[in-house]
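Peer 1: Quick one: structure below, then a few questions.
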Amino acid sequence: MTDPISTHQAEEDARNEAILIYVNGRILPKAQAVVSVYDAGFMLGDGVWEGIRLYNNRWAFLDEHLTRLFEAAKAIDLDIRMTPDQVAQALRDTQGANGMVTDAHARLMVTRGIKTRPFQHPRLSQQGPTVAIIMEHSRPKLPRPIRLATVPHLRGLPMTQDPKLNSHSKLNCILACIAAEKAGADEALMLDVHGFVNTTNACNVFIVRRGEVWTSTGDYCMNGITRQKVIDLCRANGIPVYERNFTLVDTYSADEAFLTGTFGAQTPVGVIDGRQIGSGQMGPVTGRLRGLYKALVGA
């Protein structure tokens, strides 16, 4: 059995040992970029975040990422106390301090901030939010297509924790990832509450059947920005695409499968639950979409 890999696997880059990190208006060396153990994000996973990639000195789809960040903050009643323009400037300032021009990944995080006592109630966060930006030199490196294993962990109903919310509370996905690794796979394939194929623990899922591209309805998963770009590219380029319910039976007999996410863009899937998908390598539709997406980002 080959070693597990991840959709977020990147080339080693020694420059990341000396990166500078943004924390509440200050840009600090990695060792000094710390938050309190009383921070609501550390203590309770109380916060929201975005992952954003830098291509040729531009943060891809930045406006859409910031819109989603501020909508998520509003949904959990968290006042960021910055405007979208101010957050964008903090991102650019951190980029400039690190001398980054391309192939960088930023994790932009906002928590409810430091609590006066170590308990749950949000009113105990009285000092304002914590805003942090971790920015690394990052070029994806996948030695082979991803292997998936279906796990019992579900993406749940919106009245428990809405899976559309990009929150810091990721334990359900972490447990799914652990289960997949123990099954000898790289990532977890998660079903929705009705048993339809939904998402992985980290990415959105697409399959290709007879030239058609299928993805989930989006009702029970993070509606990823890269996911939407792939749907838009299909529609603009005459590739039939459907957001629909489909099952593991449909998936096992697919011609191709791939994942989408900000980091890896379109990541081919070779095996699901021990079954080879198509040739086990990147298929022609996946390859075409990668080329179209690269051109979109370049534009």
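The values are calculated or read from the model by the stated rules, or taken from the named source; none is laboratory data. Bear in mind that the values here come from a model prediction, so they are computed numbers and not experimental data. For neighbour counting, all protein chains shown are included, and Cβ atoms are generated from backbone atoms with ideal geometry for every residue, glycine included.
Peer 1: Residue under question is Gly278, and the condition is that it be crowded, with 18+ Cβ neighbours inside 10 Å, in a loop (DSSP other than H, G, I, E, B) and of a type outside the set (D, E, K, R); does it hold?
Peer 2: So Gly278 passes the test.
Peer 1: Here is a follow-up. For region 13-52: of the residues being charged (D, E, K, R) and out of contact with any helix residue (DSSP H, G or I) (no Cβ under 8 Å at 6 or more places or on another chain), which is nearest to Leu91 (Cα to Cα)?
Peer 2: Arg26
Peer 1: Still on this structure: How about region 112-130: which of its residues are of a type in the set (Lys, Arg) and out of contact with any helix residue (DSSP H, G or I) (no Cβ under 9 Å at 6 or more places or on another chain)?
Peer 2: Arg123, the sole residue that qualifies.
Peer 1: I'd like to check something: does region 133-144 contain any residue that is among the acidic types (Asp, Glu) and in contact with an Asp or Glu (Cβ under 8 Å, 6 or more places away or on another chain)?
Peer 2: Yes: region 133-144 contains one or more residues that are among the acidic types (Asp, Glu) and in contact with an Asp or Glu (Cβ under 8 Å, 6 or more places away or on another chain).
Peer 1: Among what's in region 214-228 and is part of a loop (DSSP other than H, G, I, E, B) and among the polar types (S, T, N, Q), pick the residue that is farthest from Leu289 (Cα to Cα).
Peer 2: In this case the residue turns out to be Thr217.
Peer 1: I'd like to check something: does region 98-111 contain any residue that is charged (D, E, K, R), part of a strand (DSSP E or B) and within 20 Å of Leu165 (Cβ to Cβ)?
Peer 2: Looking for residues that are charged (D, E, K, R), part of a strand (DSSP E or B) and within 20 Å of Leu165 (Cβ to Cβ), one finds at least one in region 98-111, hence yes.
Peer 1: Quick check on my filter: what residues within region 41-90 are among the charged types (D, E, K, R), at negative phi and loosely packed, with under 13 Cβ neighbours inside 10 Å?
Peer 2: Those that are among the charged types (D, E, K, R), at negative phi and loosely packed, with under 13 Cβ neighbours inside 10 Å: Asp63, Lys74, Asp79, Asp85.
Peer 1: Something else now. Filter region 1-46 down to the residues that are closer than 23 Å to Gln86 by Cβ, of a type in the set (Ser, Thr, Tyr) and within 23 Å of the chain's Cα centre (by Cα) and list them by number.
Peer 2: Tyr22
Peer 1: Output the residue which, of all residues in region 47-69 that are outside any helix (DSSP H, G or I) and under 22 Å from Pro122 (Cβ atoms), is nearest to the chain's Cα centre (by Cα).
Peer 2: Glu50
Let's see how each residue does on (1) surrounded by 18 or more Cβ atoms within 10 Å (Cβ to Cβ); (2) in a helix (DSSP H, G or I); (3) touching a helix residue (DSSP H, G or I) at 6+ places or on another chain (Cβ under 9 Å):
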residue: Leu142; (1), (2), (3): no, no, no
residue: Leu148; (1), (2), (3): yes, no, yes
residue: Pro152; (1), (2), (3): no, no, yes
residue: Met159; (1), (2), (3): no, yes, no
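Peer 1: Would it be correct to say that Gly238 is modelled with pLDDT of 95 or more and either crowded, with 18+ Cβ neighbours inside 10 Å or among the small types (Gly, Ala, Ser) (or both)?
Peer 2: For Gly238, the condition - modelled with pLDDT of 95 or more and either crowded, with 18+ Cβ neighbours inside 10 Å or among the small types (Gly, Ala, Ser) (or both) - is met.
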